[in-house]
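Peer 1: To start, I am sharing the structure in question, which I have written as structure tokens.
The values are calculated or read from the model by the stated rules, or taken from the named source; none is laboratory data. This is a predicted model, so every value here is computed, not measured. Positions of Cβ are generated from backbone atoms using ideal geometry, with glycine treated the same way; all protein chains shown enter the neighbour counts. Quick note on the areas: whole protein, heavy atoms, side chains included, nothing else; ligands and nucleic acids left out. Shrake-Rupley method; radii C 1.70, N 1.55, O 1.52, S 1.80 Å.
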Amino acid sequence: MNDLSPMQTPGSVASFTDSGLNVTLRDGQTHYFNYYWLRDNCPTSFNATTRERSFDIFHLDTAPVAKAAEVKGDALEIIWAHEDHVTQMPLDWLETFAGGKRRHDPSDLPRKAWFGDHYPSVPRFSQPELVSDDATRAKWIEAMLVHGFTIVTDMPDSDEGLTQTAELMGFVRPTFFGTYFDVRTHINPTNTAYTAGALELHTDTPAEEFAPGIQFLHCRANTVDGGESLYADGVAVANAFRERDPEGFKLLSEVAIPFYCEHDTYDARSRQYVIELDQHGEVSGLTISQHMADIFDLDQKLLDDYYPAFCRFGRMLQEEQFMMRFLMKGGECMVFDNHRIVHGRAAYTATSGDRYLRGCYVDRSEMRSTYRALVSEGRFKA
């Protein structure tokens, strides 16, 4: 290291090194900042119109290094060697990233687990209000981020109504079932959902490499006998499983298993973790479907432990304390996180009435993007 004489005044550069600057910030601590990072994130590196980085660090002839640096007012000023350029970096901006802190994400909200008695408390939003008011739309998406399940009421009785509602959150995302799917009794069903039989708790399309994140189920009619909807919060169940069975939790969160879905025109396959963890190590959701689980092509000795844990967790999902049961009503749309909420259905009598649900998906990343745009200023918004 080639430390030069440090300037000792508070809020000044403490020392230069071959690869970066040590800067004492307003918190009284000295923080290190890499030269490449400082040059790459100079405020002039970004185009305010496109909101993209316009500076190309790949085209520097030599590694960036400071010729001089000092604090002037509320900014760190760097005069760069080997190029005719000066960077002025706000100190409060440097503080937000000191020590490798992640950029703040307003959509990174703590999840609130819920249980079988949650139905009266499910956040509900009127579709016309979502369409007309961005503040209400932001509250709706926030409820999705926190609870993972909402009900949209007053839905138009039309295909277009579902599209309009989904596009309030993001782009409609096709799967191998198509862009939209219709849940009703089919003569030649290609999926268990298209029968009148019971449907076990599951997440949708686990055979896709990246399964869609948010599911919309628009109830157009529901007058049959039976067909009670079943929902459970995978976060609540997995958190309880972590306490009850830590070794089983470790297996289900660290060993990926195969899923499949095939018919005449598709053969989808993937490997997924049953319990998903986020960047904080917290449970973010599940990927599970007994009827789409492929042959577990794992070491047979590993299966001595994995299969019992998998079955213990599957049974736990069905415990009454976690299971929310209700009958969907025409004009309602269930909106839920397909990577968090497991859903199913009790059997019904197909000839007793009409049961018709129309569904589609939006990716979770689209939902988070929309939320950030609604509630935050971003880098360049006025």
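Peer 1: Identify, from the list I341, I288, I295, the residue that is within 17 Å of L217 (Cβ to Cβ) and of a type in the set (V, I, T).
Peer 2: I341
Peer 1: Could you list all residues from region 327-343 that are open to solvent by less than 10 Å² (accessible area, probe 1.4 Å) and assigned to a strand (DSSP E or B)?
Peer 2: The answer is C333, M334, V335, F336, I341, V342.
Peer 1: Which residue pairs have Cβ atoms under 7 Å apart, sit 6 or more places apart or on different chains, and have a first residue in region 353-382 that is charged (D, E, K, R) and a second that is open to solvent by 60 Å² or more (accessible area, probe 1.4 Å) and in a helix (DSSP H, G or I)?
Peer 2: As it stands, the answer is R358/D159, since those pairs meet every condition given.
Peer 1: Is it the case, given these coordinates, that G359 is modelled with pLDDT under 95 and in a strand (DSSP E or B)?
Peer 2: Spelling it out, it is not the case that G359 is modelled with pLDDT under 95 and in a strand (DSSP E or B).
Peer 1: Separate question: Can you pull out the residues in region 278-298 that are farther than 11 Å from P258 by Cβ, open to solvent by 100 Å² or more (accessible area, probe 1.4 Å) and either assigned to a loop (DSSP other than H, G, I, E, B) or not polar (S, T, N, Q) (or both)?
Peer 2: Q279, H280
Peer 1: Would you mention how many residues in region 130-171 are closer than 26 Å to R325 by Cα, free of Cβ contacts under 8 Å to residues at least 40 places away in the same chain, open to solvent by 60 Å² or more (accessible area, probe 1.4 Å) and more than 17 Å from the chain's Cα centre (by Cα)?
Peer 2: 0
Peer 1: If you don't mind, there's one more thing I want to ask. Is it true that some residue in region 147-170 is of a type in the set (G, A, S) and in contact with a Ser or Thr (Cβ under 9 Å, 6 or more places away or on another chain)?
Peer 2: Checking region 147-170: at least one residue is of a type in the set (G, A, S) and in contact with a Ser or Thr (Cβ under 9 Å, 6 or more places away or on another chain).
Peer 1: Looking at region 101-111, can you tell me whether even one residue there is assigned to a helix (DSSP H, G or I) and farther than 20 Å from T17 by Cβ?
Peer 2: Looking through region 101-111, none of the residues is assigned to a helix (DSSP H, G or I) and farther than 20 Å from T17 by Cβ.
Peer 1: Sort through T136, T87 and tell me the only one that's of a type in the set (S, T, N, Q) and either more than 17 Å from C42 (Cα to Cα) or out of contact with any helix residue (DSSP H, G or I) (no Cβ under 8 Å at 6 or more places or on another chain) (or both).
Peer 2: Only one candidate qualifies: T136.
Peer 1: Could you list, in sequence order, the residues of region 328-382 that are in contact with a Phe, Trp or Tyr (Cβ under 9 Å, 6 or more places away or on another chain) and more than 26 Å from S229 (Cβ to Cβ)?
Peer 2: R379, F380
Peer 1: Related question: Which of the residues belonging to region 216-249 are in a strand (DSSP E or B), of a type outside the set (G, A, S) and surrounded by 16 or more Cβ atoms within 10 Å (Cβ to Cβ)?
Peer 2: Passing the criteria: F216, L217, H218, C219, R220, N222, L230, Y231, D233.
Peer 1: Right, something else. Out of curiosity, is L252 open to solvent by less than 30 Å² (accessible area, probe 1.4 Å), under 22 Å from E209 (Cα atoms) and assigned to a helix (DSSP H, G or I)?
Peer 2: The answer is yes for L252.
Peer 1: List every residue pair whose Cβ atoms sit under 9 Å apart, with the two residues 6 or more apart in sequence or on different chains, where the first one lies in region 317-337 and is more than 23 Å from F249 (Cβ to Cβ) and the second, anywhere, is open to solvent by 20 Å² or more (accessible area, probe 1.4 Å) and among the basic types (K, R).
Peer 2: Note: pairs meeting the criteria are G330/R220; G331/R220; E332/R124.
Peer 1: Being part of a loop (DSSP other than H, G, I, E, B) and more than 30 Å from A221 (Cβ to Cβ) is the filter here, so list the residues in region 362-382 that pass it.
Peer 2: Correct list: S376, E377, G378, R379, F380, K381, A382.
Peer 1: List, please: which pairs have Cβ atoms under 9 Å, are six or more places apart or on different chains, and start with a residue in region 71-92 that is free of Cβ contacts under 8 Å to residues at least 12 places away in the same chain and end with one that is assigned to a loop (DSSP other than H, G, I, E, B) and surrounded by 13 or more Cβ atoms within 10 Å (Cβ to Cβ)?
Peer 2: Every condition considered, the pairs that remain are V86/C42.
Peer 1: Okay, next question. Go through region 260-271 and count every residue that is more than 13 Å from L298 (Cα to Cα) and either in contact with a strand residue (DSSP E or B) (Cβ under 6 Å, 6 or more places away or on another chain) or part of a strand (DSSP E or B) (or both).
Peer 2: 7
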